[in-house]
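The values are calculated or read from the model by the stated rules, or taken from the named source; none is laboratory data. No experiment lies behind these values; they were computed from the predicted model shown. Cβ sites come from the backbone with ideal geometry, for glycine too, and all protein chains shown count toward neighbours. For accessibility, only protein heavy atoms count, side chains too; no ligands or nucleic acids. Shrake-Rupley method; radii C 1.70, N 1.55, O 1.52, S 1.80 Å.
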Amino acid sequence: MKPFYNSSSKIDNSVTYNFKRKVFVRTLTQQIKKKQMMKTIFLTIAILFGVSTFAQKNFESDMNKTLTEWNKGNHSSEANFKQLINDYPNEWLPKYYLTFSEVLKTFESKDVDKNEEILSNVKTQIDDLVKNNPLNIEILNLKALYLTAEIVQNPMQNGAIYYPEVVQIYQKSLMLNPSNPRSVLGLAEFNINAAKYSGMDITQDCKNVKKSLALFDAEKPKNNEPKWGKDRAEALLNNECKNVL
């Protein structure tokens with residue numbers, strides 16, 4: 001007598017069921033792990049973003065305090081710029097303002113030896129800034145100002161060496177942003193001072209100084225970014241350009 005059921009068929013069904021169950025469990029486990037992994041990734045990104053935002057706010061606050069003291073004429077704030085460079089090595093603004101402050105000293109001092117020492121150190125800082133920020137207009141303007149300081153130390157010798165490069169840098173800055181007031185003013189003032197030796201007409205340069213005033217008024221720099229120069233433009237209009245326009 002044949003059995004009323006097929007035992008091999010029952011075994012096959014059981015094997016199939018167990019196999020499908022294992023596949024389901026494995027798939028479910030993988031999906032859970034995947035969701036947990038995605039959750040971890042999103043959480044990590046959120047934490048890193050939060051830390052980055054917090055660090056940026058700290059930097060802006062520290063930078064603002066140092067600039068406030070520096071604008072008051074407190075030269076001891078330069079030590080704070082150096083501290084900011086150590087604390088925020090990837091930020092360009094502390095390096096910019098420290099270098100800018102050093103360059104300004106050479107325009108105010110008649111100590112040639114001291115000025116040469118300052119400018120020698122500044123050159124290294126400028127080269128580093130330009131290397132890491134080749135299209136930063138403010139850094140290009142700063143380099144042109146530094147080269148101008150080199151010319152001032154020895155106009156007859158350094159003028160022939162650096163004059164073409166200064167003009168080229170300002171022209172590059174203006175090509176990148178024709179509305180940057182420090183680029184417009186920088187090139188105009190450089191030409192006005194050069195005309196004292198060359199005798200060239202400065203009418204157009206004085207017009208550009210006047211143009212820079214409107215650009216200063218329209219300028220909206222980001223937090224702590226350079227915004228200096230308007231007072232210098234006003235001084236040029238009231239002096240060198242007074243009888244030109």
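Scan the stretch 55-91 residue by residue and report those that are in contact (Cβ under 8 Å) with a residue 60 or more places away in the chain and loosely packed, with under 13 Cβ neighbours inside 10 Å. Step through it out loud before you land on a result.
Taking the stretch 55-91 and keeping what is in contact (Cβ under 8 Å) with a residue 60 or more places away in the chain, we get 60, 63-64, 67.
Residue satisfying the conditions is Asn64 alone.
Search the stretch 92-110 for residues that are within 14 Å of Ile151 (Cα to Cα) and pair each with any residue that is open to solvent by 50 Å² or more (accessible area, probe 1.4 Å) and assigned to a helix (DSSP H, G or I) when their beta-carbon atoms are under 7 Å apart and the residues are at least 6 apart or on different chains.
Phe107/Val152
From the residues in the stretch 146-201 that are of a type in the set (Gly, Ala, Ser), more than 20 Å from the chain's Cα centre (by Cα) and loosely packed, with under 15 Cβ neighbours inside 10 Å, which one is farthest from Asn136 (Cα to Cα)? Full working, then the answer.
Keep residues of the stretch 146-201 that are of a type in the set (Gly, Ala, Ser), which gives 149, 159-160, 173, 179, 183, 186, 188, 194-195, 198-199.
Now restrict to residues that are more than 20 Å from the chain's Cα centre (by Cα): 149, 159-160, 188, 194-195, 198-199.
Narrowing the set further to residues that are loosely packed, with under 15 Cβ neighbours inside 10 Å leaves 160, 195, 198-199.
On the way: Ala160: 26, Ala195: 28, Ser198: 31, Gly199: 33 Å.
That would be Gly199.
So, in the stretch 129-145, of the ones that are assigned to a helix (DSSP H, G or I) and open to solvent by 70 Å² or more (accessible area, probe 1.4 Å), which residue ends up nearest to Pro94 (Cα to Cα)?
Among them, the one singled out is Asn132.
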